Amino acid sequence: MHLKTIRQLMLLLAVITLPFGLFAQTQKATLSGYVKDGESGETLIGASVYIVELGTGSTSNEYGFYSVSIPVGQYTVEYSYIGFETITKSVKLDDNLTMDVEMGENAVELIEVVVTSEAEDRNVSNTEMSVNKLSMKTITKVPALLGEVDVIRSIQLLPGVSTVGEGATGFNVRGGSVDQNLVLLDEAPVYNSSHLFGFFSVFNPDAVKDVKLYKGGIPSRYGGRLSSILDVRMKEGNSKRLAVNGGVGLIFSRLSVEAPIIQDKASFIVAARRSYIDVLAKPFLSGDLGDTKLNFYDLTLKTNYKIDEKNRIYLSGYLGRDVFGFGDAAGFNWGNATTTFRWNHLFNERLFSNFTLYYSNYDYKIEFGDEATNTFDWDANIVNYSAKGDLSYYLNTDNQLTFGGQAILYQFAPGNAVGVSEGEETNFSLDDKYALEAAAFVENDQKINDKISLNYGLRLSYFNYMGEGRSYEFRETEPGEIKELVSFQEHDQWESIEDYINLEPRASLKYQFSPSTSVKMSYNRTAQYIHLISNSTAATPLDVWTPSTNNIKPQMSNQYAIGLFKNFKDNKYVSSVEVYYKNMDNQVEYIDGANLFINEFLEAELLNAEGRAYGVEFQFEKKKGKFTGWLSYTLARTERREASINNGDWYDARFDQRHNLSLTGFYEMSKRLTLSANFVYISGTPATFPSDRFEQQGYVIPYVAGGARNNVRIPAYHRLDISATLKNKKKEGKRFESEWVFGIYNLYNRRNAFSIFFQQQEVRPIDAQPINTEAIQLSVIGNFIPSVSYNFKF
């Protein structure tokens, strides 16, 4: 039945789009090929291919491929890409023609670069909305903690993106929780994108090629999360020559090496990082802390091979880990591992395909006890195996059809726990869980006329929660109380326990009033079948993932957005205003005092809430000149509602932030010296404080009247960072380049509150006297942090 439905949907979209490829019957030919960086041989994503005589064209896809089908004739073709010299070619097109183009970098720095209007006004002319793309050249200029370039912290400076505070892993997008973001590294999901509790991301900047964030208007080829897609693409490796990049900072160093294996045919890149906080601290630690481990590391690698003109294969991998150990007494660690194999195949000049296999594993561990007779060991993980195929058919210059499918096999280990007390071993382990997620998708990117263009598609997703293992049936009791166990059932391996199927339509529309002004609208429905179980202020690396089951329903969301996009002074200034509304069903909430750790009956302590998020996002950017940068501001609200919480009324979600302002600027004082600064102001996040208290036998018992949740806000967060990048003089005829980066994080010493908690006085209370209590503010960073780092390349 499900396969029949998929075939019907594919046939429907084919019927819809087929006429667009047939109504123009003039003789046509196809110009296609790859756009590459002439210096490294890297393919360029989003390069513009513009047919001057027709006023139309195309852009290169994620693999640098482009295809334009136009009537036969003589044409002028312009190839352009930000930061590169525009290439103009005269082409006589009387038959299909393959033309690969290698572009050279502009002699002027990116901060002053001027490219063609076709590339500059893409924010206005493109159908995409609620999408942000940051180049690595921009990311490297943003002031960062301890001078270390960071992808995740950079995107938090964009409108609609936030974090609940320093020391919080992940990020929040348009009112979504951290688990509602799908973070992809070469198409493989990364379940924890942070090192050192959110202070650094897992992405080595020397290995990253492209970063793109979808906050809304999500194409149908993406699925599995409600709020956003962060698509990070790795470099393929320099196919022209040996290239080495590296950096030495205060807490970690990095090094990458890339080179051709076969000139212009095969290449590789290897990039590694390792922190050395524990190494620097070791001389100052002794006794039980003498063997303290406090570090993180990651290794990123990729290789590719061009088999022939129609086939290329890629193999990439990532391995990263955080290690915290306090001698033999205690420790915990976590890490990601991914492997991706991709095959690009060109069926013909108009049909491009990519087939992907990937493996992803995120695991986390806790260990206590320095004696064999008294220990506790706990570990958990989530493992994915996936196969995916997507094809792009370039019908004509006005239509590009994309279709394909994906299957993901999940294995969840929610907790393998063994405790030893006085030599007696007890196993607390929970059963593994298994699930299969599958999807078919089709979308069409269509230009109606010079003013109207749209992207529309459908995604059909299917999820099957399977054995082996035990499933439970619970009965509702009092609202907000633990559900009562009715029965349980044992299931064989791969036996279906519960399945779900959802249709997810997506659509975006652009109406262009003038070359510098357009209005865009989008709608997307998304489904999410896996959930992060966490009721802390911020997600931690040790929170547990679980699938949708017979008791936990898939999260569903509908998002609507409309925006005005306006450029000024020949695209020197770029601005946008977007308004969005998102409703969310089946949001996971928790009863008061829920036990989330090694709980066989966890599902009995979860609540099914509804959510809504709405707001307006402003962005203003200056793109040219010695001074560049952007201002972003978001006014938003995120709420939840559940019958047993807050008397059934709407309440603020724990990551709701009413105001979010960021200002980022770069000033090029000279060819060698660039100054950067960014300022951030974010409203305090909600917290639950007691409204009353009881005193009994010398102890204070807090009480929250009416079951209120998130009834107050902690103080607002704000911070100013500055940095200066000084390039060393480059010797003529030498390839070696280097620079010093000086910075100060949290310049004016702001002690931002991460959380506030209460405790009573430690002294013994006097009879008949009230017991004193006090509020304690926890600040993760309470001082300014200077930094210096040295970067080099050759």
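The values are calculated or read from the model by the stated rules, or taken from the named source; none is laboratory data. Remember, it's a predicted structure, so these values are computed and weren't measured experimentally. In this analysis, Cβ positions are derived from the backbone assuming ideal geometry, glycine residues included, and neighbour counts consider all displayed protein chains. The protein model used for the area step is the full one, side chains on, heavy atoms only, and it has no ligands, DNA or RNA in it. Shrake-Rupley method; radii C 1.70, N 1.55, O 1.52, S 1.80 Å.
Structure notes:
- Cα lying deepest toward the dipole's positive end in region 270-405, options Phe347, Ile382, Asn295, charges on Cβ: Phe347
- Note on region 397-502: semi-axes of the ellipsoid equivalent to its C-alpha gyration tensor, largest first and rounded to whole Å, are 46, 19, 15.
- Estimated translational D of the chain in µm²/s (Stokes, Kirkwood radius over Cα pairs; 25 °C; 0.890 mPa s): 87
- Distance from the Cα centroid of region 22-93 to that of region 547-599 is 36 Å (rounded to whole angstrom).
- Per residue value of the accessible surface for the chain (all protein chains in place, 1.4 Å probe), Å²: 43
- Computed on region 494-595, with alpha-carbon pairs under 8 angstrom and 6+ residues apart, the relative contact order is 25 percent.
- The spread of Cα positions in region 386-452, taken along each principal axis and listed from longest to shortest, comes to 78, 23, 11 Å.
- Loop trypsin sites (Lys or Arg not before Pro), region 296-328 (other Cβ atoms within 10 Å of the site Cβ: 15 or fewer; DSSP): Lys310
- Cα-based equivalent ellipsoid, region 601-751: semi-axes from gyration tensor eigenvalues, Å: 48, 20, 15
- In degrees, nearest ten, helix 2-17 long axis to first principal axis of the chain (Cα): 40
- Leading residue at positive end of dipole, region 398-471 (Cβ point charges), from Met466, Asn399, Ala440: Asn399
- Rounded to the nearest 20, the size of the Cβ-charge dipole of the chain about its Cα centre is 3840 debye, with Lys and Arg at +1 and Asp and Glu at -1.
- Contact order normalised by residue count of the chain, Cα under 8 Å, 6+ apart, percent: 10
- Mean shadow area of region 285-398, taken as a quarter of the surface of its Cα convex hull (nm²): 11.0
- Accessible-area composition of the chain, carbon plus sulfur, in percent [1.4 Å probe]: 57
- Cα-only Debye scattering, region 132-245: base-10 log of I(q)/I(0) at q = 0.11, 0.24 Å⁻¹: -0.35, -1.58
- Charge dipole of region 478-524 (Cα centre as origin; +1 on each Lys and Arg Cβ, -1 on each Asp and Glu Cβ, all else neutral): 960 debye, rounded to the nearest 20.
- Within straight-line cross-link reach of Lys433, lysines at Cα separation under 17 Å, skipping those fewer than 8 residues along the same chain: Lys553
- Selection of GluC sites (Glu not before Pro), region 692-794, meeting DSSP coil and at most 12 other Cβ within 10 Å: Glu732, Glu762
- Alpha-carbon centroid distance for the pair region 642-663 / region 360-399, whole angstrom: 30
- Formal net charge of residues neighbouring Ala413 (Cβ-Cβ distance under 12 Å; K, R +1; D, E -1): -2
- Each Lys and Arg Cβ is given +1 and each Asp and Glu Cβ -1; about its Cα centre, region 175-293 then shows a dipole of about 320 debye.
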